[in-house]
Amino acid sequence: MPNLYSERLRLRAAERSDIPLFVKWISDPEVTENLMLRLPMAQAEEEIWYENMLKRPEAEHVYVIDIKLPPLEPDGEPQWLPIGNTSFISIMEIDRCAEIGIMIGEKYYWNKGYGTETMQTMLRHGFETLNLHRIWLQVYPTNPRGIRAYEKAGFRHEGVFREGHYQGGRYLDVKLMSILRQEWDQISSTTKGD
Ligand SMILES: CC(C)(COP(=O)(O)OP(=O)(O)OC[C@H]1O[C@@H](n2cnc3c(N)ncnc32)[C@H](O)[C@@H]1OP(=O)(O)O)[C@@H](O)C(=O)NCCC(=O)NCCS
């Protein structure tokens, strides 16, 4: 699968060597607070997850989000720093629908627009390369940062799984957001100035 590039980031295939970083991110309660992860995950379990991920269709493989840093020397190559990951989940072949997930594990890089830019890059890939028709996601109402980032990327509010998740001793609603191909086409033609 080819790397995907945008102005400030690159999405590249996750390597085995990224596994310790993934374990570090999902061991941080502030990062996982808004993810559907409840139990600690050992490196060995993450390695099994990685092997299983490789057996899924290529379009569902995990991308690492690398941000572009200035070159160390004038005229040198840019440096790339991994800050999180993203993937499509369960692409439905006939319906052309896919769920999308994202985690920026390096908290220093929250609120700097990278989540929005990652989503925009994945939407372009999903609609214009994978020929998806609908991309959707689940987010907790207690995650305003996520909701705002998804709205900025073009996702619309769709509905709620009432009390769909148990966390912190209570049931939480789970919000559904989605974007259709025609909505994406409209956004991208406005951006391109068509
Ligand atoms: C959710 C996540 C992907 C968002 O990415 P991000 O790069 O931090 O988000 P962005 O900078 O693109 O956009 C965040 C927006 O939320 C706003 N925001 C942040 N905290 C907020 C709050 N408490 N209330 C309202 N808006 C808030 C920011 O101001 C920004 O909006 P603006 O550009 O209009 O000012 C990222 O923070 C993350 O991965 N968090 C940990 C795991 C997670 O929550 N994953 C998603 C599960 S659905």
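Every number in this text was worked out from the coordinates using simple rules, so none of it is lab data. Because the structure is predicted, anything quoted here is derived from the model rather than measured. Cβ sites come from the backbone with ideal geometry, for glycine too, and all protein chains shown count toward neighbours.
Loop-located trypsin sites (Lys or Arg not before Pro) across the range 44-139 with a Cβ neighbour count of 13 or fewer within 10 Å are Lys112, with loop assigned by DSSP. Counted by Cβ distance under 11 Å from Asn3, the other residues give a net charge of +1, where Lys and Arg count +1 and Asp and Glu count -1.
Residues Ile147, Ile83 in ascending order of nearby Cβ atoms (within 10 Å, fewest first): Ile147, Ile83. Comparing Tyr109, Tyr140, Tyr150 in a Gaussian network model of the chain (Cα springs below 10 Å), the most mobile by mean-square fluctuation is Tyr109. If you take the beta carbon distance between Thr191 and Arg145 as r and set R0 to 35 Å, what does 1/(1 + (r/R0)^6) give as a FRET efficiency, to the nearest 0.05? Here the calculated transfer efficiency is 0.95.
Counting only Cβ charges, +1 for Lys and Arg and -1 for Asp and Glu, the dipole size of the chain around its Cα centre is about 540 debye.
The range 106-156 and the range 1-31 have Cα centres spaced 15 Å apart.
For Arg96, put the label point 7 Å out on the Cα→Cβ axis and report which residues of the range 55-70 keep their amide N under 19 Å from it. Output list for this probe position: 58-60.
Roughly speaking, what is the centre-to-centre gap between the range 159-194 and the range 34-68 when only Cα atoms are used, to the nearest Å? Their Cα centres are 22 Å away from one another. In a DSSP loop and with at most 10 other Cβ atoms within 10 Å, the GluC sites (Glu not before Pro) in the range 80-125 are Glu93.
Between the amide H of His133 and those of Cys97, distances stay under 5 Å, these residues lying 5 or more places away or on another chain, with hydrogens modeled in the peptide plane.
Going by a ≥ b ≥ c, the root eigenvalues of the Cα gyration tensor, does the range 4-192 fall in the rounded group (a/c under 1.5), the prolate group (a/b larger than b/c) or the oblate group?
It comes out rounded by the Cα gyration axes.
For Glu33 and His61, a Förster radius of 30 Å and the Cβ-Cβ distance give a FRET efficiency of 0.70, rounded to the nearest 0.05.
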